[in-house]
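The values are calculated or read from the model by the stated rules, or taken from the named source; none is laboratory data. Just so we're clear, the structure is a prediction, and the values are computed from it rather than from any experiment. When we count neighbours, we look across all protein chains shown, and the Cβ atoms used for this are built from the backbone with ideal geometry, even at glycine.
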Amino acid sequence: MNYWLMKSEPSTFSIQMLKEKKNRQESWDGVRNYQARNFMRDEMKRGDLALFYHSSCKEIGVVGIVEIVKESHPDKTALDENSAYFDPKATKDNPIWFMVDVAFREEFPQIISLAEIKKHEELSEMPLLQRGQRLSIQKVTKREFSFIKKLASLKQ
DNA sequence: GCCAACGTTGGC
DNA sequence: GCCAACGTTGGC
């Protein structure tokens with residue numbers, strides 16, 4: 001089982017939006033970076049857990065946990081001319097872009113902010129904190145995942 | 001809004 | 001295959 005961090009701009013898709021969906025599930029569409037795509041296509045498995053990270057917003061940080069409930073399948077927004085994520089190079093036979101489906105598992109009582117993550121030596125090797133790192137999907141160790149989950153529970 | 005750091009594109 | 005130009009990301 002693997003652990004992940006998945007970034008989203010909350011103005012586009014937030015954990016509240018996921019939580020308010022009827023089945024509390026959503027396809028993680030719109031990823032247009034090959035490395036992030038490869039993680040989804042090749043490595044993400046059903047049952048994996050991911051930290052939900054809000055980026056480019058007022059309160060930056062980890063806001064909760066989601067579970068991968070459906071493994072890689074083609075991202076249809078790449079074929080949709082009306083989508084902001086349309087890619088003219090994608091075809092039905094060669095979709096290029098893939099996505100997984102996630103399900104809401106937990107919303108932290110308080111955000112674990114980027115500033116706080118930076119304070120803990122135990123989290124200092126997270127890709128998130130490495131210079132120039134901007135991948136929207138990143139690997140997280142079990143230790144890091146548990147540490148952040150514990151930080152969140154301590155704030156209750 | 002700024003800007004550093006990346007990733008992608010396209011001419012050669 | 002190189003690499004300059006350009007576009008994007010994302011924290012501040």
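See the values below:
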{"quantity": "Residues located in the stretch A:1-37, provided they are closer than 19 Å to A:Lys76 by Cβ, of a type in the set (Lys, Arg) and surrounded by fewer than 18 Cβ atoms within 10 Å (Cβ to Cβ)", "calculated": "A:Lys21, A:Arg32"}
{"quantity": "Per-region count, the stretch A:48-93, residues more than 16 Å from DNA strand C (Cβ to nearest atom) and of a type in the set (Lys, Arg)", "calculated": "3"}
{"quantity": "Unique match (being within 16 Å of DNA strand C (Cβ to nearest atom) and over 23 Å from A:Ser56 (Cβ atoms)) among A:Ile112, A:Ile96, A:Ile148", "calculated": "A:Ile96"}
{"quantity": "Scope the stretch A:145-156; condition touching a helix residue (DSSP H, G or I) at 6+ places or on another chain (Cβ under 9 Å) and under 10 Å from A:Leu51 (Cα atoms); matching residues", "calculated": "A:Ile148"}
{"quantity": "Residue match in the stretch A:122-130 (condition: surrounded by 14 or more Cβ atoms within 10 Å (Cβ to Cβ), in a loop (DSSP other than H, G, I, E, B) and either within 16 Å of DNA strand B (Cβ to nearest atom) or not hydroxyl-bearing (Ser, Thr, Tyr) (or both))", "calculated": "yes"}
{"quantity": "Answer residue from the stretch A:82-117, given it is among the aromatic types (Phe, Trp, Tyr) and outside any loop (DSSP other than H, G, I, E, B) and is farthest from DNA strand B (Cβ to nearest atom) among those", "calculated": "A:Phe104"}
{"quantity": "Residue in the stretch A:87-97 that is under 24 Å from A:Glu20 (Cα atoms) and out of contact with any Leu (no Cβ under 8 Å at 6 or more places or on another chain) present", "calculated": "no"}
{"quantity": "Residue count, the stretch A:114-131 (criterion: more than 19 Å from A:Glu9 (Cβ to Cβ) and of a type in the set (Gly, Ala, Ser))", "calculated": "1"}
{"quantity": "In the stretch A:9-24, residue nearest to A:Ser83 (Cα to Cα) [restricted to those that are within 13 Å of the chain's Cα centre (by Cα) and in contact (Cβ under 8 Å) with a residue 60 or more places away in the chain]", "calculated": "A:Leu18"}
{"quantity": "Strands (runs of 3 or more DSSP E) fully within the stretch A:1-56 counting 1 or more residues that are touching a Pro at 6+ places or on another chain (Cβ under 9 Å) and of a type in the set (A, V, I, L, M, F, W, C)", "calculated": "A:3-8"}
{"quantity": "The stretch A:17-30: number of residues that are under 15 Å from A:Lys70 (Cβ atoms) and within 16 Å of DNA strand C (Cβ to nearest atom)", "calculated": "2"}
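Each row is one residue, and each column tells you yes or no for (1) among the aliphatic types (A, V, I, L, M); (2) at pLDDT below 95; (3) out of contact with any strand residue (DSSP E or B) (no Cβ under 7 Å at 6 or more places or on another chain).
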{"site": "A:Met40", "(1), (2), (3)": "yes, no, no"}
{"site": "A:Glu43", "(1), (2), (3)": "no, no, yes"}
{"site": "A:Leu49", "(1), (2), (3)": "yes, no, no"}
{"site": "A:Leu79", "(1), (2), (3)": "yes, yes, yes"}
{"site": "A:Ala90", "(1), (2), (3)": "yes, yes, yes"}
